[in-house]
Amino acid sequence: MLIRIRSLRVQHEGSEVSVGIVITCGEHREQKTLPIMTEQYVDLKLSVGEITEELYDRIEDASVLCSALRSGEHLLSYGANSAQMLTRKLMQRGFSKEVSSLAVERLCSMGLINERQDLRREVEKCLRKLWGAKRISAHLWSRGFDQEVIRELPALLEEVDFSANCAAYIRKHYGRIPDAPNEKKKMVAALCRYGYTLQEIKQGCALCEQMP
């Protein structure tokens, strides 16, 4: 089997190099184009001409990592992701755990993933939805934020008046506190699912009753 690099072309404003390869085995001839990151190209010291199977395997591995990086960047363009969540998403797209982890590690080093900053933004979104602290915490865990980052949550919520938020939720979704005991019970259950404590619900109801 003869493997030869036939072309090297810079693309994506210099961030990638497209490696054109021809593989000849007897009468069979196959052409491939493998994109790799520019730093990978430099590390591999590629040039046009015949290459070994070992070097070809390294180019293929580099190309897979390059594709994972591009896929990760694409996912991040739609919204913040924790490192753990982005790793899971890349694996769902067919990349191995090792490649997904390497890609996410690289994206972190590029400053494209900042979990502390992303966590603050996620908390702000949750508060705009009038969620209680318990639901916010559960949501952040489900998003895969690092445990050390989540430990900052109590400080971020320290100034939040969850009783007032609970009252705002009641006014928004119910208008006023239901008169029927059964309906009021359902409302309390819903507020608990939204992460409010019984004390916050009690105080929120009291605030609603004070409203004209």
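The values are calculated or read from the model by the stated rules, or taken from the named source; none is laboratory data. Every value quoted in this text rests on a predicted model; they were computed, and no experiment measured them. Methodologically, a virtual Cβ is constructed for each residue, glycine included, from the backbone with ideal geometry; neighbour enumeration extends over all protein chains shown. The accessibility values were calculated without ligands, DNA or RNA, using every heavy atom of the protein model including side chains. Shrake-Rupley method; radii C 1.70, N 1.55, O 1.52, S 1.80 Å.
Per the listing G20, G94, the residue uniquely modelled with pLDDT of 95 or more, of a type in the set (G, A, S) and touching a Lys or Arg at 6+ places or on another chain (Cβ under 6 Å) is G20. Checking each residue of segment 120-141 against the condition of being in contact with an Asp or Glu (Cβ under 7 Å, 6 or more places away or on another chain) and either farther than 29 Å from Y41 by Cβ or in contact (Cβ under 8 Å) with a residue 24 or more places away in the chain (or both) gives at least one match. The number of residues in segment 96-123 being assigned to a helix (DSSP H, G or I) and on the phi > 0 side of the Ramachandran plot comes to 0. Can you tell me which residues in segment 23-38 are part of a strand (DSSP E or B) and either surrounded by 15 or more Cβ atoms within 10 Å (Cβ to Cβ) or within 27 Å of the chain's Cα centre (by Cα) (or both)? Within segment 23-38, I23, K32, L34, P35, I36, M37 qualify.
Looking only at residues that are part of a helix (DSSP H, G or I) and open to solvent by less than 60 Å² (accessible area, probe 1.4 Å) in segment 124-137, which one is farthest from M37 (Cα to Cα)? Among those residues, the one meeting the criterion is A133. The set of residues in segment 64-95 that are in a helix (DSSP H, G or I) and among the basic types (K, R) comprises R70, R88, K89. Annotation: V104 fulfils all but one of (1) within 30 Å of V149 (Cβ to Cβ); (2) hydrophobic (A, V, I, L, M, F, W, C); (3) in contact (Cβ under 8 Å) with a residue 12 or more places away in the chain; (4) open to solvent by 40 Å² or more (accessible area, probe 1.4 Å); the unmet one is (4).
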